[in-house]
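The values are calculated or read from the model by the stated rules, or taken from the named source; none is laboratory data. What you see is a predicted model, and the numbers here were worked out from it, not measured in a lab. In this analysis, Cβ positions are derived from the backbone assuming ideal geometry, glycine residues included, and neighbour counts consider all displayed protein chains. With ligands, DNA and RNA removed, areas are computed over all heavy atoms of the protein, side chains included. Shrake-Rupley method; radii C 1.70, N 1.55, O 1.52, S 1.80 Å.
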Amino acid sequence: MIMSIPEEDLTCPICCDIFKDPVLLSCSHSFCRSCLKGCWDKWLRACPVCRKRVSKSSAPSNLALKNVCEAHLQVRRQSSVLEDEKSNCNLHVEKLKLFCLVDKQPICVVCQSSKLHKTHECLPIEEALQDCKDELALTLKSLQNKLDSLERIHTTSANMIKYIESQAEETQRLINSQFKQLHEVLHQEESARIAAVEKEVDEKIAAIRDRDKELSAEELSLTETISVIQEQLKEDDMVLLKNFKDTQDRGKSIELRSDSMSGLLIDVTKHLGNLKYRVWEKMLDHIDYTPVTLDRNTAHPCLILSDDLTSLRYSKQPSYCPDNPERFHISPEVVGMTALGSGSHHWVVETGSNQDWLLGVASLSVPRDAEISARPENGFWTLCFRDGDFRAMTLPPTTLTITKRPKQVKVQLDYNRGTVSFFDPDDDTLIYAFTDTFTETLLPYFYTQSSHPLRVVPEKVLVTMLRQ
């Protein structure tokens, strides 16, 4: 409460110092008792501030103001003691005038002469103060940068969570779509096979009914013949003899059909034998295998990948995606998911109308956040098509003479032999081949700055039966 009163409100208007034994006049002005007495000894008995005459010979003490002033002085004295303690040496009670650069502590001149600091380099406290302030300012800046970095990481993390959720939603949608297509194929095949069973049922039943009709006609004819013979046996002997030949011929002319029931049942084996396998064979007509699929998490924001991750094209309008370390941040590049660390691999890329592309392989460790040339010394083995020319990206680039521009390019890697070759798949003509020694995992590599897509050509799946 005392600290909240301005010091000028506790100051005597005559001596301009904190009140000492303050007295209060009837006009409400206060003064030190000794100051007021000195004024009254020289001039009239009036208030030195407002000049109002005072009738009483002595002014009463202002006890409330006196208590406030004494408390204020007590606080001032305590502050002065604390200030002296801060600026004086705890050991020698001397003024702290030096700063030890070794121990990073303020010291007095006695400390400097002691064994503890005698060999230490020291500076005057004023010089050291500025150096310390500058050093703390640098530390503060570094800490602030770290804080800003942490805040950016938190923001990135929050954005990444949202992106992961949208990724999951989109991925689930595409999975549902592809399974829906497979379900539709299975449903159509199921319907066709059930229809085939129903058709055979109708055919078998119709055949049995036709056979029954023929048997009924034979049965009627046979019944009639039996009746005729029975009637002839009842006739006179001479009549029987006269009609004998005709009656006998009629009885012999009736021949029964075979009563074999063979082939009339449903051919169950035809419908159920290896059913799953035969359905799977049919499904292969609707399934393609792509030897290389693109890694969406590595694609530059300006690249648009197809839903099945087999084609890419360039867009001037970048899409939002997290700033993850795997992503290419400078150039419109992307790599495939397939890690190539041994053996032989190949894939065909349809370039079509694309006029600006690079194809090949890249080392797993190539920088994703720096602009570097796609050449072997930087971990790239690529073929480039730009401005109507084909170039092998060597140092310097090798311009290639090609009689016809291929619409597709086959990339073939033989990791163990250290070759990356490019062919025109139409006639298997070699365009260019790199020879090198590979020391780390390679990935299929793609670059384009064209809105026309590059597409990995799918391959047909063949079924081979292994019999033991």
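Okay, residues lined up against (1) free of Cβ contacts under 8 Å to residues at least 60 places away in the same chain; (2) farther than 30 Å from ASP428 by Cβ:
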| residue | (1), (2) |
| --- | --- |
| GLN317 | yes, yes |
| ALA339 | no, no |
| TRP347 | no, no |
| ALA362 | no, no |
| ARG368 | no, yes |
- Determine which member of the set ASP246, ASP285, ASP323, ASP308 is in a loop (DSSP other than H, G, I, E, B) and either farther than 30 Å from ILE161 by Cβ or touching a Leu at 6+ places or on another chain (Cβ under 9 Å) (or both). ASP308
- Item | Candidates GLU224, GLU218, GLU255, filtered to the one that is over 30 Å from GLU189 (Cα atoms), modelled with pLDDT under 85 and either open to solvent by 80 Å² or more (accessible area, probe 1.4 Å) or in a loop (DSSP other than H, G, I, E, B) (or both) | GLU255
- Just one of (1) farther than 25 Å from LYS407 by Cα; (2) in contact with a helix residue (DSSP H, G or I) (Cβ under 9 Å, 6 or more places away or on another chain) trips up GLN317, so point out which. (2)
- Go over the candidates CYS39, CYS27 one by one and state the one that is out of contact with any helix residue (DSSP H, G or I) (no Cβ under 9 Å at 6 or more places or on another chain), assigned to a loop (DSSP other than H, G, I, E, B), open to solvent by less than 60 Å² (accessible area, probe 1.4 Å) and more than 17 Å from HIS72 (Cβ to Cβ). CYS27
- Which of (1) touching a residue at least 60 places away in the same chain (Cβ under 8 Å); (2) in a strand (DSSP E or B) is the odd one out, the single condition ALA374 does not satisfy? (2)
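From the set of residues in the stretch 405-434 that are open to solvent by 20 Å² or more (accessible area, probe 1.4 Å) and under 14 Å from ARG391 (Cα atoms), which is modelled with the lowest pLDDT?
It comes out as ARG405.
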- Message: Go through (1) exposed (fewer than 11 other Cβ atoms within 10 Å of the Cβ); (2) modelled with pLDDT of 85 or more for LYS118 and report which single condition fails.
- Response: (2)
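Out of LEU136, LEU129, report the one residue that is at pLDDT below 90 and part of a helix (DSSP H, G or I).
It is LEU129.
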- Of all residues in the stretch 42-72 being modelled with pLDDT of 85 or more, closer than 16 Å to CYS15 by Cβ and part of a helix (DSSP H, G or I), the one that is most open to solvent (accessible area, probe 1.4 Å): LYS66
- Task: Could you check, for the stretch 435-456, whether at least one of its residues is open to solvent by 30 Å² or more (accessible area, probe 1.4 Å), small (Gly, Ala, Ser) and assigned to a loop (DSSP other than H, G, I, E, B)?
- Result: yes
- Query: Could you list, in sequence order, the residues of the stretch 145-189 that are open to solvent by 100 Å² or more (accessible area, probe 1.4 Å) and under 20 Å from PRO301 (Cβ atoms)?
  - Reply: ARG152, LYS162, GLU165, GLU169
